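Below is one structure; the comments refer to it alone.
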Amino acid sequence: MEELRKIVEGSDCVLIGIGREFAYNVLSQEVMKIFSEKKKAEGLEKEAEWLLPFIKSYGCIYDKPEVILKAYDNLYQLIKGKNYFVVTLNEDEQIGKSKLEKEKITAPCGSIYRLQCSCGCEESIIDATTVVEEVISKLKQPEVTISEITKPVCGKCGKELVFNTVEAEKYLESGYMKSWEKYRMWLTGTLNRKVCLLELGVDFKYPSIIRWAFEKVAFINEKAVFVRINGAYPQLTEGLKGKAYSYHKNSVEFFQ
Ligand SMILES: [Zn+2]
């Protein structure tokens, strides 16, 4: 950590890339128990599975995953006062519970806090909070069966709503485009400046967003310093020799 602090201090700006090591994937045990019992009692199989992302979203909205939130806060302590930007591959929105400024974050894989039409109709993106709350509160009511819970639908065409994440068959990228454009502008401003690229727990899923993109920025910018913290894939490419550091440790653990 001390070494990393010095690297950050010596930089003009910091670009942070956050990968799946920071992802919050825990489904609420309480809600899952209700879900499984009702599903079994009604003899349902796949027909009930549309509820799972809603249960996940519910957890992301209300839970406080201590270890992850502590890692975000310590990351914030490291870079506060610096000119920074964050790109995250996570859809869980836990980063929004930290002190990192929302205006300096882009999440191109989408958000579990937003819903969109499954057929991808334009401008169908809505805030998910109320809908998720309604669905889960129905699920929690003992007298309501799963079959009685109606699937939330698009106000325009009546088709099913899905979460506005990259897993959606017709993913609406307009959900994150504004922040992405802000990021591209910010990145342009780092040319010829001492930029520290801090890549945390990024694997090879969607490598063009962070993994390869950051390597390329570090390669082109002579004043760049590249830092990779990763429990599974800490390897560095040859081209970054002399300007890159790698810590073979899970990035969330690193920031405890
Ligand atoms: Zn629609």
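The values are calculated or read from the model by the stated rules, or taken from the named source; none is laboratory data. The structure displayed is predicted, hence computed values, not measured ones. For neighbour counting, all protein chains shown are included, and Cβ atoms are generated from backbone atoms with ideal geometry for every residue, glycine included.
Let me spell it out: the conditions are (1) under 25 Å from LEU51 (Cα atoms); (2) surrounded by 12 or more Cβ atoms within 10 Å (Cβ to Cβ), and TRP186 meets all of them except one. Which number is the exception?
Among (1) under 25 Å from LEU51 (Cα atoms); (2) surrounded by 12 or more Cβ atoms within 10 Å (Cβ to Cβ), the lone unmet condition for TRP186 is (1).
I'm trying to understand the selection: among the residues of segment 128-145, which are more than 16 Å from the ligand (Cβ to nearest atom) and not in a helix (DSSP H, G or I)?
Taking segment 128-145 as the starting set, the residues that turn out to be more than 16 Å from the ligand (Cβ to nearest atom) are 129-130, 132-145.
If the condition is that a residue be more than 16 Å from the ligand (Cβ to nearest atom) and not in a helix (DSSP H, G or I), then GLN141, PRO142, GLU143, VAL144, THR145 are the ones that fit.
If I filter segment 69-76 for residues that are within 29 Å of LEU44 (Cβ to Cβ) and either touching a Ser or Thr at 6+ places or on another chain (Cβ under 8 Å) or outside the structural domain of ALA213 (by TED's automatic domain parsing) (or both), do I get at least one hit? Talk me through it step by step, then tell me what you get.
Narrowing segment 69-76 to residues within 29 Å of LEU44 (Cβ to Cβ): none.
No.
Yes/no matrix, rows are residues, columns are (1) among the charged types (D, E, K, R); (2) more than 16 Å from the ligand (Cβ to nearest atom):
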residue	(1), (2)
PRO152	no, no
LEU161	no, no
GLU167	yes, yes
LYS170	yes, no
TYR176	no, yes
GLY189	no, yes
SER208	no, yes
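Across segment 149-169, which residue is surrounded by the fewest Cβ atoms within 10 Å (Cβ to Cβ) among those that are of a type in the set (A, V, I, L, M) and over 11 Å from CYS117 (Cβ atoms)?
Within segment 149-169, the first condition is being of a type in the set (A, V, I, L, M), and the residues that meet it are 149, 153, 161-162, 166, 168.
Those still in the list that are over 11 Å from CYS117 (Cβ atoms) too: 149, 166.
Working: ILE149: 19, VAL166: 17.
Among them, the one singled out is VAL166.
For a quick check of your reading: which strands (runs of 3 or more DSSP E) sit entirely within segment 146-256 and have at least 2 residues that are aliphatic (A, V, I, L, M)?
Working: elements: 161-165, 195-200, 225-229, 244-247.
Result: 161-165, 195-200, 225-229.
Over 30 Å from VAL14 (Cβ atoms) and either among the small types (Gly, Ala, Ser) or out of contact with any Ser or Thr (no Cβ under 9 Å at 6 or more places or on another chain) (or both) - does that describe any residue in segment 162-182?
Looking for residues that are over 30 Å from VAL14 (Cβ atoms) and either among the small types (Gly, Ala, Ser) or out of contact with any Ser or Thr (no Cβ under 9 Å at 6 or more places or on another chain) (or both), one finds at least one in segment 162-182, hence yes.
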